[in-house]
Amino acid sequence: MAKESFLLYHGYYEPIKNLSLEDKGMLFDAIFQFSISGIEPNNTSRIYMAFQFFKNQMVQDSKKYDRTVERNRQNGLKGGRPENPKNPVGLKKPKKADTDTVTVTDTVTVTETETETDFLNWQSWGNLIVDNSDPVWESMRGRIVSRSEMDNFISVATRNKWVMRTAQEFRTSLKGFTPFGQTQQKFNRGKLQ
């Protein structure tokens, strides 16, 4: 069975856009003639050079189509596609990524007074940031943080037993903190960055 169609690519338009409507019509007719019967236009024709671009692509597309038809024919001779294929599209399973496992064990004993001290420090550092009176936070181009966001941050840090012993560790952790379901926006002195 002969192929009853051909492809025209958008990229074809650029080289022929300046042809006259008459030449475009002759080219279009020549493309159909070649597709249906294999007849090429006369090599002295005004459209012959433009036609060669179309012809080359049509021959490549036809060869690709013929390879696909032959592959499908060969697969059909083997009995066709199985009822429940394990790999329906013929793709190989992805390989697992190389992994390195590093186990680090370190014991930290935290007493109740250390936890209380951390919490009080966090509240103190957080108040400076919320009140916009922490020059280091401002130099880090930290965003404006509301009281409720700060309370949420400290609550998450406490619940997950984060270790932030210095104000700089606190600021760095806060800068990367985004409450669940919200996008992080950067602010500097009330202006969106």
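Taken over segment 136-150, the criterion of being assigned to a helix (DSSP H, G or I) and either within 19 Å of Thr117 (Cβ to Cβ) or modelled with pLDDT under 80 (or both) is satisfied by Val136, Trp137, Glu138, Ser139, Met150.
Within segment 21-43, restricting attention to residues that are among the polar types (S, T, N, Q) and surrounded by fewer than 10 Cβ atoms within 10 Å (Cβ to Cβ), the residue that is modelled with the highest pLDDT is Ser37.
Please state which one of Leu128, Leu174 is part of a helix (DSSP H, G or I) and touching an Asp or Glu at 6+ places or on another chain (Cβ under 6 Å).
Leu128
The values are calculated or read from the model by the stated rules, or taken from the named source; none is laboratory data. This one's a predicted model, so the numbers in the text were calculated from it and none came from an experiment. Every residue, glycine as well, gets a Cβ built from its backbone with ideal geometry; the counts of neighbours run over all protein chains shown.
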